[in-house]
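S.K.: My questions all concern the structure below.
Quick note: the coordinates plus some simple rules give every number you see, no bench work behind them. Predicted model only: the values in this text are computed from it and were never measured. A quick note on method: Cβ atoms are made from the backbone with ideal geometry, for glycine too, and the neighbour counts reach across all protein chains shown.
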Amino acid sequence: MTSNLENQLLALRQEGETAIASADTLERLEELRVNYLGKKGQLGALLRSMGQMSAEERPKIGAIANTVKEAIQNSLDQQRTALESAQIQVQLEAETIDVTMPGIYRPQGRIHPLNGIIDQTLDIFVGMGYTVAQGSEMETDYYNFEALNTPPDHPARDMQDTFYLPDGNLLRTHTSSVQIRYMEKEEPPIRVVAPGRVYRRDDVDATHSAVFHQIELLAIDEGLTFTDLKGTVKIFLQSIFGDLPIRFRASYFPFTEPSAEVDLQWKGRWLEVMGCGMVDPNVLKSVGYDPEVYSGFAAGFGVERFAMVLHQIDDIRRLYNSDLRFLQQF
Ligand code: DAH
């Protein structure tokens, strides 16, 4: 009886240790633990039969049972440690960064030359305290022309023929419309710079496009004079083009009085680069400002012209073709 139970215990130990050593998951290990050492496990079942033993046999078998239990528990612990570290190893290997592996190639984007000029301009004017504003590309006749002192039969409209929509609205011919919208919303003092897309009914060629970009600036305050305009324009143009001679040439715009074109001496030639002037009192009146109290200046220029001069671009259409051979040069 005794030796029979003893043999069974030793056999259980052997079987248990073998099974545990070959358990390949933690789940399987837990199953084995329950199977051998659990409340309803095999060791427990064997010990329950100790009840029929004599008092002298019992301690001996009890001692053997304890070593079997310890041995199985040891095997369980050992295997658990082994499985856990193997799991960590697998995880470490999976997460290793292979520094020799080639990366994923993402072609680098570039700033479009037009956006480059716009960004540069806005930076310069924001640096001088200006706010950036935008208006809509579809405008009413009022904001594009009339409020800018250009009534329906005004000859200045001839140069700014545009696309008229069936509802009577039009595609704005210049960003000057933003002046009016901004002044209607805000009160002086005003310093605003407005970039945007504009439209003209122009035949497309190397220097003309029916859709192009302008940047407008406007300053309204008490006591602004032509010297403020000159100083501002000079600082701006020299920041963009470098320290080159500029000149103001008398000109005409309906919305400014006096008006001027600004020329830049570029590679030995005078080049017209922007229009400007003191805001006409009629424009101030159209937004309810008192021209006896406030004065101001405005200027506007074409972004394409700046880009073409600065980057020596020979045809305006290159700016719109999305040809990478062209765009990658910037
Ligand atoms: N709006 C004019 C144009 O498109 C450019 C311009 C000239 C804007 C004089 C101004 C200005 O603000 O004062 O030709």
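S.K.: From the Cα gyration tensor of the range 17-82, with a ≥ b ≥ c the square roots of its eigenvalues, which class applies: rounded if a/c is under 1.5, or else prolate if a/b is larger than b/c, or else oblate?
M.R.: Working: a/c = 3.98, a/b = 2.21, b/c = 1.80.
Prolate, since a/c reaches 1.5 and a/b exceeds b/c.
S.K.: Quick one: which residues, 5+ away or cross-chain, put their amide H under 5 Å from the amide H of G277? H built at 1.01 Å from N.
M.R.: Long-range HN contacts for G277: A260, A298.
S.K.: Moving on to the next point. What is the local net charge at R197, summed over the other residues whose Cβ is closer than 10 Å to its Cβ (Lys, Arg +1; Asp, Glu -1)?
M.R.: Working: positive: R172; negative: E137.
Result for the local shell: 0.
S.K.: With the crude spin-label approximation of a point 7 Å out along Cα→Cβ, what separation in nm comes out for L92 versus E6?
M.R.: Calculated label separation equals 4.6 nm.
S.K.: Report, by chain and number, residues whose modeled amide H sits under 5 Å from the one on E272, excluding near sequence neighbours (fewer than 5 apart, same chain).
M.R.: When sequence neighbours closer than 5 places are left aside, the close amide H contacts are L264.
S.K.: For F226 and Q328 in the same chain, what is the full-extension length gain: residue separation times 0.36 nm, less their Cα-Cα distance, in nm?
M.R.: On the way: separation 102, 0.36 × 102 = 36.72 nm, distance 4.11 nm.
Here the answer is 32.6 nm.
S.K.: Quick check: from the Cα gyration tensor, does the range 147-223 come out rounded (a/c under 1.5), prolate or oblate? Walk me through the numbers before you get to the answer.
M.R.: Details: a/c = 2.19, a/b = 1.65, b/c = 1.33.
Here the range 147-223 falls in the prolate category.
S.K.: While we're here: Can you tell which of Q120, Q79, Q179 shows the greatest fluctuation in a Gaussian network model of the chain with Cα springs below 10 Å?
M.R.: Fluctuation is largest for Q79.
S.K.: What does the helix-only formula give at 222 nm for the chain: each DSSP H stretch with n ≥ 4 adding -39500 (n - 2.57), the total divided by the residues, and the result rounded to the nearest 500 deg cm²/dmol? Mind showing how you got there, number by number?
M.R.: Details: 11 runs with 142 residues, N = 330.
Rounded to the nearest 500, the figure is -13500 deg cm²/dmol.
S.K.: Let me ask something else. So if R0 is 25 Å, what FRET efficiency would E184 and L122 give, r being the distance between their Cβ atoms, rounded to the nearest 0.05?
M.R.: Details: r = 22 Å, r/R0 = 0.89.
So the FRET efficiency works out to roughly 0.65.
S.K.: Pull out the extension gain between V204 and E146, defined as 0.36 nm times the separation in residues minus the alpha carbon to alpha carbon distance; nm, one decimal. Don't skip to the answer; put the middle values down first.
M.R.: Working: separation 58, 0.36 × 58 = 20.88 nm, distance 2.71 nm.
Stretched fully, the V204-E146 segment lengthens by 18.2 nm.
S.K.: Mind listing the Cα extents of the chain along all three principal axes, in Å, largest one first?
M.R.: Cα extents, longest axis first: 127, 45, 43 Å.
S.K.: Something else now. Cross-link candidates for K185: which lysines have Cα within less than 29 Å, leaving aside residues fewer than 8 places away along the same chain?
M.R.: K230, K234, K285
S.K.: Another one. Given the options T121, T96, T162, which has the most mean-square fluctuation in a GNM of the chain, springs set between C-alpha atoms less than 10 angstrom apart?
M.R.: T96
S.K.: Label S251 and L310 with points 7 Å out from Cα along Cα→Cβ: what is the distance between them in nm?
M.R.: In this crude spin-label approximation the distance works out to 1.9 nm.
S.K.: Follow-up question, since we're still on this one. Label D158 and N282 with points 7 Å out from Cα along Cα→Cβ: what is the distance between them in nm?
M.R.: The answer from the label model is 1.7 nm.
S.K.: Follow-up. Leaving out same-chain residues fewer than 8 places away, which aspartates and glutamates sit with a Cα under 15 Å from that of K267?
M.R.: D243
S.K.: Follow-up. Using r as the Cβ-Cβ distance of A63 and R110, and R0 as 51 Å, what FRET efficiency do you calculate, to the nearest 0.05?
M.R.: On the way: r = 83 Å, r/R0 = 1.63.
Once rounded, the FRET efficiency stands at 0.05.
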